[in-house]
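Asks: Input: one structure, supplied below.
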Amino acid sequence: MAKHIAGIDVSKRPLRIAVVGMDGSGKSTVVGSMIKRFQGKYRFELLKALPRPTRTYAITNWVERKLDQLALKGDELSQKHLLIVSQAIQNAIYPFLRIGAEKKKDIIIYERHPLIDYETYGPYYGGKAATKMGKFLSAAPHPDIIIHLDVSPEKAYRQVLSRIGAGHRKKVPHLHESLGELRKVRARFDKAISKLVSQNPKTIVIRIDANKPKNEMLKSLHAELDHLGLL
């Protein structure tokens, strides 16, 4: 195994890659493609937003389902306090799962990232105070590479509606998923990423045009990863 990957000595800690973007931008598609490319080449782990490593125990699956149900209930009833409770429990779990996931790994892939999610969706989870507390409790480290799937609010909204119509687990859009709110969310993503880069100028940001067809989007991604020596 390579000792250095994209400038990080992975004998000391893993390279951290965050895949971020609005709902409907194609995060799951991109993460799935990266996993296929990394398979057999690196020791890696996936951490999802509702933080759960790829390999996990039944109890964490149960907790994930319960938190998901609670958050969805908050969306359905437009009750933010249910979302805040769900998020607070996640905050308490996240550091332990992250530490376990990073052990003896070359790469950690974050599908979403707490430091960016809280900046972006903070207004829906209790405002500035809750945002600062959530970021602190999650104890999430800065990513080394941010892959930003930049999609138009209009396309993201169409994708949200298609998931619901296709019998997705969601019965209603999240509170931040109306077309008007998605337009605000897109601007917050740019601000959140710029803030992280200002705090850590070594952070590499890869912007992918997620309005393109899936095959073109993945082609752009693979070219960028190849340029960094990851493929």
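Asks: Could you calculate the contour length gain from LYS103 to SER162, that is, 0.36 nm times the residue separation minus the distance between their Cα atoms, to one decimal place in nm?
Replies: Here the answer is 17.4 nm.
Asks: Just round it to a whole percent: the fraction of Cα-Cα distances in the range 6-52 exceeding 15 Å.
Replies: 54
Asks: What is the sum of charges around GLY32, taking Lys and Arg as +1, Asp and Glu as -1, for the other residues whose C-beta is under 14 Å from the C-beta of GLY32? Let's see the in-between values first.
Replies: Working: positive: LYS27, LYS36, ARG37, LYS48, LYS214; negative: GLU111.
Spelling it out: positives minus negatives among the neighbours equals +4.
Asks: Moving to a separate point now. With both partners inside the range 12-227, how many of the DSSP beta bridges are antiparallel, as a percent to the nearest 5?
Replies: Working: 1 of 22 bridges.
Antiparallel: roughly 5 percent of the beta bridges in the range 12-227.
Asks: Could you work out the mean projected area of the convex hull around the alpha carbons of the range 12-227, in square nanometres to one decimal?
Replies: 11.8
Asks: Separate question: Given a cut-off of 28 Å, name the pairs among LYS73/LYS105; LYS27/LYS132; LYS36/LYS212; LYS12/LYS135; LYS48/LYS212 whose C-alpha atoms lie farther apart than that in the structure shown.
Replies: Values: LYS73/LYS105 36 Å; LYS27/LYS132 25 Å; LYS36/LYS212 21 Å; LYS12/LYS135 24 Å; LYS48/LYS212 24 Å.
Result: LYS73/LYS105 exceed 28 Å.
We did not get these values from a lab; they are worked out from the coordinates using the rules stated. It should be emphasised that the depicted structure is a prediction, and the values quoted were computed from it without experimental measurement. Neighbour counts are summed over all protein chains in view; Cβ atoms, including those assigned to glycine, are modelled from backbone coordinates with ideal geometry.
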